[in-house]
Each structure stands twice: as structure tokens, then as C-alpha cells.
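The values are calculated or read from the model by the stated rules, or taken from the named source; none is laboratory data. All values reported here derive from a predicted model rather than from experimental measurement. Because the Cβ atoms are built from the backbone with ideal geometry, glycine has one as well, and the counts that use them run over all protein chains shown.
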Amino acid sequence: MKFDAILFDFDGVLIESEYAGNKHIADFLTAAGHPTSPEQSMANFMGYSGAEFRRRLREWIGGELPEHWDRERLAEDDRAMAEGIAEVAGATAFVRGLPADLPKAVVSSSSTRWLHRHLAHLGLTDVFGSHVYSGAEHVEHGKPAPDLYLFAAAQLGVPISACAVLEDSPVGAEGAVASGATVIGLCAGSHCAPGHADRLRALGVQHIAHDFDAVARLIS
């Protein structure tokens, strides 16, 4: 292995949640009188968490969020967690195929509640154990700050310079590059439109992979 640890973003890297999640945001905003497409939602909100996510939503609509926003988002999250979401093609087999003693962590803007539930659906709970980290819960500044990646590397006991990070979103890629890790831009999810790889490269992403076979070649 070329790396001493691998850090995985989650939505859009391990599960196919990005397009569906952003379509739900777009449909909600459109119904509330703020016409928004899934593509606009992904361009403006994908990869953000917590207060910054809400700030960007308020900026987009030019005011406060409707009162039923939190209730509808929670209901949609509960539905998705109950039903499960398909993996990004090849994700589970790739993770399972890594050496058991290779340190691994999830580094995501999503809540740990979301992450643990979907790891269970994928059958990967045992692979990551307690190394499941949320930018909204474990660090003061989430993505695009580098803090989450630095925190996860420290928890694994591995220098960030010896870590590979798999990221799909420009927001995540920005933070991962700033952390000093080697960043692999994964463009395997259904949300990755033509030109997505170029956006990641423009942020300093060193390597692009369009599937997990390509990731395997890059890390071996």
C-alpha cells in the first residue's frame, strides 16, 4: 500500500445519496416559493453541514427558512435511514478488500446517526468501528476547513501526509487538499456530471478515479 491510512467521505463516495438528497432540498425550496433545481442545490449546498449549511440556505432564499424545514428534513432522513440507500458501485467490495489492519475512517458532513445507520445497511460497521467522524459534531469548523481530516488522522495515529482521502464534492476536496493529505477525487456517483473531475482538479486534487477499480490502482 502507498498509504498508511484511508479516509472516506461518505455521501457520494460510499452511498448514492447526493442526487436524491439534493433533489429533496430543491423540491422543498421550490414548493416554498424559491425555484431551485437539484443541480443548483448540489452547486450551492453539497458538502456543507451545520450552521454553514443553514447560512447558505438562508442566503439562497434571502430570508429565514420556513418553520416546517427541520420537521420535513428529519422525516426525509428517517425514511432514508429506514429504507437504506444503494452503495456507489463497487464501494462495499472495495472497502472489504482493503487489508484489515489498514487504518480507515469516515470523514463526513453528515451526522453520526446517519453514518452509522447506513454503514449498518452496507454491512461495514465492523470495518470502521468507532472511527466515524462528522464535521458537524467532532470539529468546530467543518468542510471546507481541513479540521475534520486532521482530526481523523490524529485519531488513527497516522500523519495526515501519509493518508489518502476519497472525496467527491468540491467542498470536501478543498478541505482535504488543505489538510496535506493525498486526495483522490472520486467521480463514480450518479451525481457526478461531465466536468466534475475538472472542478476537482482546479481545487488541487492530485488524482481522479471514475470507479473503485481505479482507486485500487492508485493506492496499491
Practice item. Please work out if Glu67 is acidic (Asp, Glu) and assigned to a helix (DSSP H, G or I). Key: no
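Inspect all residues belonging to region 12-24 and state whether any of them is more than 30 Å from Ala120 (Cβ to Cβ) and in a loop (DSSP other than H, G, I, E, B).
no
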Revision key, fill the gap. A careful count of residues in region 169-190 that are closer than 15 Å to Ala209 by Cβ, surrounded by fewer than 24 Cβ atoms within 10 Å (Cβ to Cβ) and modelled with pLDDT under 95 gives 1
Exercise for review: Taking Ala51 as meeting all but one of (1) within 15 Å of the chain's Cα centre (by Cα); (2) at pLDDT below 85; (3) not hydroxyl-bearing (Ser, Thr, Tyr), write down the number of the exception.
Suggested key: (1)
Point to revise | Index of the failed condition, Ala197 passing every other in (1) of a type outside the set (S, T, N, Q); (2) closer than 22 Å to Ser17 by Cβ; (3) touching a residue at least 24 places away in the same chain (Cβ under 8 Å); (4) in contact with a Gly (Cβ under 7 Å, 6 or more places away or on another chain) | key: (3)
Study note, to complete from the structure: Filtering region 36-63 down to residues that are part of a helix (DSSP H, G or I), touching a residue at least 24 places away in the same chain (Cβ under 8 Å) and either in the same structural domain as Glu174 (by TED's automatic domain parsing) or closer than 12 Å to Ser109 by Cβ (or both) yields Gly50, Glu52, Phe53
Review point. Is it fair to say Ala216 is in a helix (DSSP H, G or I), among the small types (Gly, Ala, Ser) and either under 26 Å from Tyr19 (Cβ atoms) or not assigned by TED's automatic domain parsing to the domain that holds Ser49 (or both)?
Key: yes
Exercise for review: Might you let me know whether region 124-140 holds any residue that is in a helix (DSSP H, G or I) and either over 28 Å from Ala20 (Cβ atoms) or hydrophobic (A, V, I, L, M, F, W, C) (or both)?
Suggested key: yes
**Study point:** Options Ala120, Ala75, Ala80: the member that is more than 22 Å from Ala173 (Cβ to Cβ), touching a residue at least 24 places away in the same chain (Cβ under 8 Å), small (Gly, Ala, Ser) and in a helix (DSSP H, G or I)
**Key:** Ala80
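Can you say whether Val139 is within 20 Å of Met46 (Cβ to Cβ), over 15 Å from the mean Cα position of the chain (by Cα) and in the same structural domain as Phe10 (by TED's automatic domain parsing), as far as the supplied structure shows?
Considered against the rule, which asks whether it is within 20 Å of Met46 (Cβ to Cβ), over 15 Å from the mean Cα position of the chain (by Cα) and in the same structural domain as Phe10 (by TED's automatic domain parsing), Val139 comes out as yes.
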Review point. Can we say Gly175 is touching a Gly at 6+ places or on another chain (Cβ under 6 Å) and either under 16 Å from Gly47 (Cβ atoms) or outside the structural domain of Gly50 (by TED's automatic domain parsing) (or both)?
Key: no
Exercise for review: Starting from residues that are assigned to a helix (DSSP H, G or I) and either touching a residue at least 60 places away in the same chain (Cβ under 8 Å) or out of contact with any helix residue (DSSP H, G or I) (no Cβ under 9 Å at 6 or more places or on another chain) (or both), keep the ones in region 162-175 and report whichever is nearest to Ser134 (Cα to Cα).
Suggested key: Gly172
Review point. If you go through region 197-213 one residue at a time, do you hit one that is under 16 Å from Phe8 (Cβ atoms) and modelled with pLDDT under 95?
Key: no
Check your understanding: Quick one: which of Gly90, Gly97, Gly84 is exposed (fewer than 14 other Cβ atoms within 10 Å of the Cβ) and on the phi > 0 side of the Ramachandran plot?
Key -> Gly84
